[in-house]
1. Among the residues that make up the stretch B:166-181, is at least one of them within 11 Å of chain A (Cβ to nearest Cβ), more than 14 Å from the chain's Cα centre (by Cα), surrounded by 22 or more Cβ atoms within 10 Å (Cβ to Cβ) and not in a helix (DSSP H, G or I)?
2. Output the number of residues of the stretch B:63-75 satisfying the condition of being over 17 Å from the mean Cα position of the chain (by Cα) and either on the phi > 0 side of the Ramachandran plot or crowded, with 20+ Cβ neighbours inside 10 Å (or both).
3. Tell me the residue from B:A78, B:A50 that is surrounded by fewer than 21 Cβ atoms within 10 Å (Cβ to Cβ) and either among the small types (G, A, S) or not in a helix (DSSP H, G or I) (or both), please.
4. Quick test of your reading of the structure: A:G162 fulfils all but one of (1) in contact (Cβ under 8 Å) with a residue 40 or more places away in the chain; (2) part of a helix (DSSP H, G or I). Name the failing condition by number.
5. Here is a list of conditions, (1) within 11 Å of chain B (Cβ to nearest Cβ); (2) among the aliphatic types (A, V, I, L, M); (3) closer than 27 Å to B:G229 by Cβ, and A:I244 meets all of them except one; can you say which number that is?
6. Identify all residues within the stretch A:15-54 that are assigned to a loop (DSSP other than H, G, I, E, B) and crowded, with 24+ Cβ neighbours inside 10 Å; write none if there are none.
7. Going through the stretch A:202-219 one residue at a time, which ones are in contact with a strand residue (DSSP E or B) (Cβ under 7 Å, 6 or more places away or on another chain), in a helix (DSSP H, G or I) and among the hydrophobic types (A, V, I, L, M, F, W, C)?
8. Consider A:M190 carefully, then state whether it is within 17 Å of the chain's Cα centre (by Cα), assigned to a helix (DSSP H, G or I) and surrounded by fewer than 18 Cβ atoms within 10 Å (Cβ to Cβ).
Amino acid sequence: MRLVGKVAIITGAGRGIGREAAVLFAREGAKVVLADVDPQAEKVVGEIEEFGGEAIFVRGDVTNRDSCAAMAAAAVSSFGRIDILVNNAGITRDAQLVKLAESDFDRVIAVNLKGTFNATQAVAPQMVEQGSGRIINVSSVVGLYGNFGQTNYAATKAGVIGMTKTWARELGRKGITVNAVAPGFIQTEMTESVPEKVLEMMRGRTPLGRLGTACDVANIYLFLASDDAAYVNGAVVCVDGGLIP
Amino acid sequence: MKQAADGPRVYACRTALVTGGASGIGRAVSKALSERGVRVFIADIDLARATDVAKELAKDGRRAEALRLDVSAGPQVAAAFGDLRGQCEGLDLVVNGAAVLGDTVSIEDMTDEQWRRVLAVNLDGTFYCCREAVRWMRGTGGGRIINFSSVAGLMPTPGALHYSASKGAVIQLTKTLAREVARYNIRVNAVAPGYIQTPMLDAMDAAFREQTLHRTPLKRFGTPEEIAGLVVFLASPEADFFTGQVLSPNGGLVI
């Protein structure tokens, strides 16, 4: 049990990697605040309670600053502190540049980039007051290499790296580490609509010969939240099977 | 497929070789692995010290063995691996921790010997051990190799041209090897520590240490145990999708 007594907020915790991470963190002894726009995420709380874990669900939207403040307040009022924030919430609205609607560009920026800023700004003061904390942002290999049809998504994921490195400098002296995880091609609901032909190509470009799982990524969140990573700050950790860009 | 929600984790690594395992970070790595039930072969140029560490770890039914190894000598590395093959069925993990800092000296004053010594231990040694590890592991279903780079391999380090060059080279060796041997189920990753409380740090100039601390956002040096924690993680099943990566625990010094 590596997170005993820790309080963790995970945004976008209702599905995919976020859900996997919420369950994993709870199994490792953390009290987990699951934040999601989708009320279905509440089911994950039940799942966690089934094995004796502690969790609450907060319905919230990272694009809304009041909602982020409420999320932080709920964590403190329920569990007394916030040790870990995982900015996991993210969406895609793929289209090639010439066909990309402005609304789809703005929406992805609002959730992935500004949402990460909103949630962190709501939570960081509590961590500063405690003199400790772990912030885990979610970037993507797409933010490092670009990706066909993902102008908006790639821009947000590169932006997350810039914020991560800046916050690592600003918050380090307060005892808070800030790191980013950059998953490669991971099999989740997000990739369900990807044609098999493309998935096959992705496997071909991955030396380990398979797509990643939500579990592969959740394990890295756990690692960055654990004592083992105490001196890791400002890093971008790729979990991509050795992907050849 | 392995799910996070399944019962207690089992530490899959059973046998490990740690070069430079008798002092500093290598010693902490040997200890951390041993505490998880791994049989550790502690290889060091200083056999007496390696033996002391092995004795300290070999308790409560745990196995730890010392061997003398100068990683810069290719035939000696091959012979040591030959011996190990006689002692265990397979090696799950090789940690290439052996390294020397070398003298602080500017290029015009650096002798051939100073240059060769640092490259021989840090780069040649890593190569020799990787080669023997791959030759063995590809026949036993795979394994893990963890190389030691340094923040000096990520950023320029004036006065330590040889050290910086050797550690930068270890990164490309790691990335290239990771792609070459992924098909054998061998994962190769590198750890690039920042400034860590070890005998190597103690040997550095006090003013330099002070300045480094000032430039480190976390405002402290790392501990060998923190680096050992990373190695334990990289050797665990949780890091199964990691290969060709460089993890740099440096307190934010290099971002």
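Taken together, the values in this text are just the output of simple stated rules run on the coordinates, not laboratory data. Predicted model, so just to flag it, every value in this text is computed and none were measured. Methodologically, a virtual Cβ is constructed for each residue, glycine included, from the backbone with ideal geometry; neighbour enumeration extends over all protein chains shown.
1. Looking for residues that are within 11 Å of chain A (Cβ to nearest Cβ), more than 14 Å from the chain's Cα centre (by Cα), surrounded by 22 or more Cβ atoms within 10 Å (Cβ to Cβ) and not in a helix (DSSP H, G or I), one finds none in the stretch B:166-181, hence no.
2. 1
3. None of the others qualify; the one that does is B:A78.
4. (1)
5. (3)
6. Matches in the stretch A:15-54: A:A30 only.
7. If the condition is that a residue be in contact with a strand residue (DSSP E or B) (Cβ under 7 Å, 6 or more places away or on another chain), in a helix (DSSP H, G or I) and among the hydrophobic types (A, V, I, L, M, F, W, C), then A:A214, A:V217 are the ones that fit.
8. yes
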